[in-house]
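Single-structure report; data block below.
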Amino acid sequence: MRLEGSPSGKRNAKKLRREMTPPEIALWLALRHNDAGLRFRKQHGVGDYVLDFYCAPARLAIEVDGEVHGRGDRPARDAERDAALTAQGLLVVRYPASDVLRDLDHVERQIIAVAVERRDTFRG
């Protein structure tokens, strides 16, 4: 199953790739050369949404949430977005940006473990 962004989602993804936050850059550098040989995409459009990172073989979306994700209507919007992505067969995992900066190795190991397990499940 190939998930692609809408025209506006693709434009937004391209813009966001140029404007990645320090936690996103750190995680990208960790994920792009992983021992499991998994390929991750950064700022990948899916419909009108843009995923911080996406591993297609595992159908795994990884989100790095800054503090804004805990304010106002953002938690409800994130929950709605996650439900829409889950309905398309994706697993969405979220990490606070502070956790990525504080313990990058741990976050990377968790992501790789989940991705390998899901990839192997989908391979059959």
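The values are calculated or read from the model by the stated rules, or taken from the named source; none is laboratory data. What you see is a predicted model; the values in this text were computed from it and never measured. Cβ sites come from the backbone with ideal geometry, for glycine too, and all protein chains shown count toward neighbours.
The number of residues in the range 17-43 being outside any helix (DSSP H, G or I), more than 8 Å from the chain's Cα centre (by Cα) and not polar (S, T, N, Q) comes to 11.
Of the residues making up the range 55-91, those that are touching a residue at least 40 places away in the same chain (Cβ under 8 Å) and of a type in the set (A, V, I, L, M, F, W, C) are CYS55, ALA56, ALA58, LEU60, ILE62, VAL64, LEU90.
With the condition kept exactly as written, say whether any residue in the range 47-54 is in contact (Cβ under 8 Å) with a residue 12 or more places away in the chain and either surrounded by fewer than 18 Cβ atoms within 10 Å (Cβ to Cβ) or more than 19 Å from LEU3 (Cα to Cα) (or both). For the range 47-54, residues in contact (Cβ under 8 Å) with a residue 12 or more places away in the chain and either surrounded by fewer than 18 Cβ atoms within 10 Å (Cβ to Cβ) or more than 19 Å from LEU3 (Cα to Cα) (or both): present. Pairs are defined by a Cβ separation below 6 Å, a sequence spacing of at least 6 or placement on different chains, a first member in the range 92-120 that is assigned to a helix (DSSP H, G or I), and a second member that is aromatic (Phe, Trp, Tyr); the pairs so defined are VAL107/TYR95. The single condition among (1) in a helix (DSSP H, G or I); (2) in contact with a Pro (Cβ under 8 Å, 6 or more places away or on another chain) that VAL64 does not meet is (1). Taking the stated definitions as given, is ALA83 at pLDDT 95 or above and surrounded by fewer than 12 Cβ atoms within 10 Å (Cβ to Cβ)? The answer is yes for ALA83.
For the range 93-124, the set of residues classified as surrounded by fewer than 16 Cβ atoms within 10 Å (Cβ to Cβ) and of a type in the set (Phe, Trp, Tyr) consists of PHE122 only.
Annotation note: Cβ proximity below 7 Å between a residue of the range 20-44 that is without any contact (Cβ under 8 Å) to a residue 12 or more places away in the chain and a residue that is surrounded by 13 or more Cβ atoms within 10 Å (Cβ to Cβ) and not in a helix (DSSP H, G or I) (sequence gap 6+ or interchain) occurs for ARG32/PHE40.
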